[in-house]
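Data block below; observations after.
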Amino acid sequence: MHTCEICGRKSNKKYKAFGYVLCQKHKRQIMRQGRFLDNNPRTVNDLNEYRIEGDVVYVSLYNQNCDKIAEFVVDLYDFPQIRYKKWRLSHGRVVTGTAAKKIRGVENVIFDMDPPHNIFHIDGDPLNCTRENLLVEI
Ligand SMILES: [Zn+2]
């Protein structure tokens, strides 16, 4: 294992550039931009970080620079359903997928609804995706 000198990310791959041992992200930054843009080990390919608290799970959301900007909450019961998808905030909604493939809201993934249904957040907070806060329009 090698450790990036900029962000501390560990990797089997080792890049050396300008006298640094680097991860792929930071190798790319210095090669393309001539400098390091951040010291954040996250890349856009990483799954969302999460934290289990009792019977709910808080899942982190990031902007395009991989900085944490918010977190949403789901029931622990529903976590396996959403765990291996990449989540982001789009127009205030928690979504996964791309326009080219298919964008799905987290509420519809939780209830496994395809085609999607209108699902409302009872408390008005789109980041509260616990079942007791979700109301499905049938
Ligand atoms: Zn790095």
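The values are calculated or read from the model by the stated rules, or taken from the named source; none is laboratory data. Just so it is clear, the structure is predicted and the values come from calculations on it, not from any experiment. In this analysis, Cβ positions are derived from the backbone assuming ideal geometry, glycine residues included, and neighbour counts consider all displayed protein chains.
Numerical summary
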{"read-out": "Qualifying positions in the stretch 1-12 - aliphatic (A, V, I, L, M) and within 12 Å of the ligand (Cβ to nearest atom)", "value": "Ile6"}
{"read-out": "Any hit, the stretch 39-57, residues being acidic (Asp, Glu), in the same structural domain as Pro126 (by TED's automatic domain parsing), touching a helix residue (DSSP H, G or I) at 6+ places or on another chain (Cβ under 8 Å) and assigned to a strand (DSSP E or B)", "value": "no"}
{"read-out": "Residue in the stretch 18-55 that is surrounded by the fewest Cβ atoms within 10 Å (Cβ to Cβ), counting only those that are within 12 Å of the ligand (Cβ to nearest atom) and more than 28 Å from Gly97 (Cα to Cα)", "value": "Tyr20"}
{"read-out": "Cβ-Cβ under 7 Å pairs, at least 6 apart or on other chains, the stretch 1-30 side assigned to a loop (DSSP other than H, G, I, E, B), far side among the basic types (Lys, Arg)", "value": "Met1/Lys10; Cys23/Arg9"}
{"read-out": "Residues (of a type in the set (D, E, K, R) and under 21 Å from the mean Cα position of the chain (by Cα)) located in the stretch 111-138", "value": "Asp112, Asp125, Arg131"}
{"read-out": "Number of the exception - Tyr15 against (1) near the ligand (Cβ under 10 Å from one of its atoms); (2) among the aromatic types (Phe, Trp, Tyr); (3) surrounded by fewer than 15 Cβ atoms within 10 Å (Cβ to Cβ)", "value": "(3)"}
{"read-out": "Residues that are at pLDDT below 95 and part of a strand (DSSP E or B), drawn from the stretch 69-92", "value": "Ser90"}
{"read-out": "Condition broken by Tyr84, with the remaining ones in (1) within 16 Å of the ligand (Cβ to nearest atom); (2) of a type in the set (Phe, Trp, Tyr); (3) surrounded by fewer than 14 Cβ atoms within 10 Å (Cβ to Cβ) satisfied", "value": "(1)"}
{"read-out": "Residues that are touching a residue at least 12 places away in the same chain (Cβ under 8 Å) and either surrounded by 14 or more Cβ atoms within 10 Å (Cβ to Cβ) or over 20 Å from Asn133 (Cα atoms) (or both), drawn from the stretch 98-116", "value": "Ile103, Arg104, Gly105, Val106, Glu107, Val109, Ile110, Phe111, Met113, Pro116"}
